[in-house]
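The values are calculated or read from the model by the stated rules, or taken from the named source; none is laboratory data. Note that the coordinates shown come from a computational prediction; the quantities given were computed from them, not determined experimentally. Positions of Cβ are generated from backbone atoms using ideal geometry, with glycine treated the same way; all protein chains shown enter the neighbour counts.
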Amino acid sequence: MHLSESARVVFDVLAGTGTATRPQLAAGAGLSKPTVSSAVAELEAVELAAHSGRASGGTGRSAAIYRLGPAAGAVLAVDLGPAVTRVRGCALDGTLLAEGTGSRRDAADTVRKVLDALPAGAPLRAVVVAVGDVPIRDRAGERPATAKAGPVFDAMAVALPEGVPVHLENNVNCAALAELHEGAAVGRDTFGYLRIGVGIGLAVVIGGRVLRGANGAAGEVARLPYPWDDDHAPRHEGLEQRMGSRTLLRRAAEAWQETDGPRPRTAERLLALAGQGHATAGAVVASHAADVGRLAAAVAAVLDPGLIVLGGGTGADPQLLPGVRAELARLSWPTEVVSSVVGDTGTVAGASRLAVAHGIQTVTGAVRAKH
């Protein structure tokens with residue numbers, strides 16, 4: 001397929017708006033109306049754009065409305081979470097076409113079901129897989145950098161169509177994008193997203209873009225040296241061991257008294273008890289909040305982000321906010337701290353945005369490469 005430069009620009013604008021008239025496309029693309037008319041005709045001829053009705057103007061005239069055509073295709077976003085896999089299929093204008101949820105073990109089946117639900121004949125332009133690792137490139141292509149997601153990723157990958165570009169992204173970075181566009185950081189182009197759950201992670205957003213670093217590992221706070229004193233040498237990922245939910249539950253077990261009732265087996269249950277006023281649970285959660293506050297102070301000291309969004313299975317619970325804010329204020333300069341509002345679907349929502357961007361680049365960039 002050979003498209004002119006103006007057709008590529010108009011396609012990009014149309015994908016961003018969903019529907020538009022030719023005057024609107026001209027304004028968005030910065031092109032003349034005759035050039036846009038020619039570009040739209042070019043896109044219609046290859047079914048990358050389609051007529052979608054007419055809009056009445058104030059002068060009584062009507063203007064043709066255009067949308068993406070069937071050849072624009074779709075993209076796939078996969079959140080390969082620690083327990084649950086979430087999958088979304090979207091059009092290149094971001095419209096949700098299909099979605100599914102399954103266990104991590106059944107990730108391949110969940111992907112197949114969503115692929116089967118996409119419009120028949122729509123080409124799949126790109127796939128983004130959110131993983132809890134740092135993606136690296138080797139001779140076999142892009143894949144997770146550690147064994148945490150490796151086997152599950154390999155099993156899921158067999159369900160993907162051959163020849164479709166697959167992009168890996170850190171799941172914390174994806175969640176931060178969701179916060180930026182539709183969550184607690186809307187209107188803020190610089191912030192830190194701190195995830196506290198089974199593990200810990202940080203996404204750094206500066207000027208509306210995720211900072212990835214030279215190795216794609218920016219924000220890997222699990223690697224911060226811990227402990228760091230005269231009597232103990234830092235352990236590999238020692239800070240994550242300290243702050244992860246498994247250790248949180250172990251500290252709860254050590255603090256639990258016979259009169260406290262059944263010991264919580266999950267972090268969710270511990271937080272629920274604390275919310276109900278359970279004294280021991282409240283004390284454990286308060287101690288955990290102070291730990292998170294110290295990590296937030298380290299983030300503020302290095303980045304001065306102005307805003308830190310707390311996410312993750314335990315981090316997003318509003319009960320942590322007072323303790324985190326107090327410890328951060330004690331150790332560092334004023335920094336706003338808020339709870340995540342995108343919930344469990346934040347990672348796949350952010351991955352969907354990335355997938356749409358990659359899908360558009362596949363259409364326009366691949367064509368551009370042929371010149």
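Miscellaneous remarks
- From the list L31, L43, L48, L25, the lone residue that is under 30 Å from R112 (Cβ atoms) and in contact (Cβ under 8 Å) with a residue 24 or more places away in the chain is L48.
- Candidates in region 163-204 are the residues that are surrounded by fewer than 24 Cβ atoms within 10 Å (Cβ to Cβ), β-branched (V, I, T) and touching a Gly at 6+ places or on another chain (Cβ under 9 Å); of these, the one that is farthest from P82 (Cα to Cα) is T190.
- Sole residue being under 20 Å from the mean Cα position of the chain (by Cα) and surrounded by fewer than 18 Cβ atoms within 10 Å (Cβ to Cβ), chosen from R209, R223: R209
- Near pairs, Cβ below 6 angstrom, 6+ apart or cross-chain, from region 246-263 (without any contact (Cβ under 8 Å) to a residue 12 or more places away in the chain and within 25 Å of P82 (Cβ to Cβ)) to any residue that is of a type in the set (D, E, K, R) and surrounded by 16 or more Cβ atoms within 10 Å (Cβ to Cβ): A253/R263
- Any hit, region 103-110, residues being among the acidic types (D, E), in a strand (DSSP E or B), farther than 17 Å from A72 by Cα and modelled with pLDDT under 95: no
- Qualifying residue in region 114-135 (condition: β-branched (V, I, T), modelled with pLDDT of 95 or more and assigned to a helix (DSSP H, G or I)): yes
- Complete set of residues in region 293-348 that are within 30 Å of L76 (Cβ to Cβ) and of a type in the set (D, E): D344
- Residue list for region 220-230, restricted to those being out of contact with any Lys or Arg (no Cβ under 7 Å at 6 or more places or on another chain) and either assigned to a loop (DSSP other than H, G, I, E, B) or among the β-branched types (V, I, T) (or both): E220, V221, L224, P225, P227, W228, D229, D230
- Pairing each residue of region 142-167 that is closer than 17 Å to A351 by Cβ and among the polar types (S, T, N, Q) with any residue that is outside any loop (DSSP other than H, G, I, E, B) and modelled with pLDDT under 80, provided the two are 6+ apart or on different chains, yields no C-beta distance under 6 Å.
- Residues within region 75-104 that are farther than 22 Å from N170 by Cα and small (G, A, S), tallied: 2
- A single member of L115, L48 is buried (at least 17 other Cβ atoms within 10 Å of the Cβ), in contact with a Gly (Cβ under 9 Å, 6 or more places away or on another chain) and assigned by TED's automatic domain parsing to the domain that holds D133, and it is L115.
- Selection status of L160, outside the structural domain of L295 (by TED's automatic domain parsing) and crowded, with 17+ Cβ neighbours inside 10 Å: yes
- For first residues located in region 62-75 and within 17 Å of V46 (Cβ to Cβ), partners that are among the β-branched types (V, I, T) and assigned to a helix (DSSP H, G or I) and lie 6+ apart or on another chain with Cβ distances below 7 Å form the pairs Y66/V40; A72/V363.
- Candidate set from region 13-45 (those that are surrounded by fewer than 12 Cβ atoms within 10 Å (Cβ to Cβ) and more than 26 Å from H358 (Cα to Cα)); member that is farthest from the chain's Cα centre (by Cα): P34
- Residue in region 247-255 that is at pLDDT 90 or above and not in a helix (DSSP H, G or I) present: no
- Residue selected from region 218-235 under the condition in contact with a helix residue (DSSP H, G or I) (Cβ under 8 Å, 6 or more places away or on another chain) and small (G, A, S), by the criterion farthest from Y193 (Cα to Cα): A222
- Flag: A217 matches the condition of being among the hydrophobic types (A, V, I, L, M, F, W, C), touching a residue at least 12 places away in the same chain (Cβ under 8 Å) and not in a helix (DSSP H, G or I).
- Criterion (touching a Pro at 6+ places or on another chain (Cβ under 9 Å) and within 23 Å of V342 (Cα to Cα)) met by exactly one of I308, I206: I206
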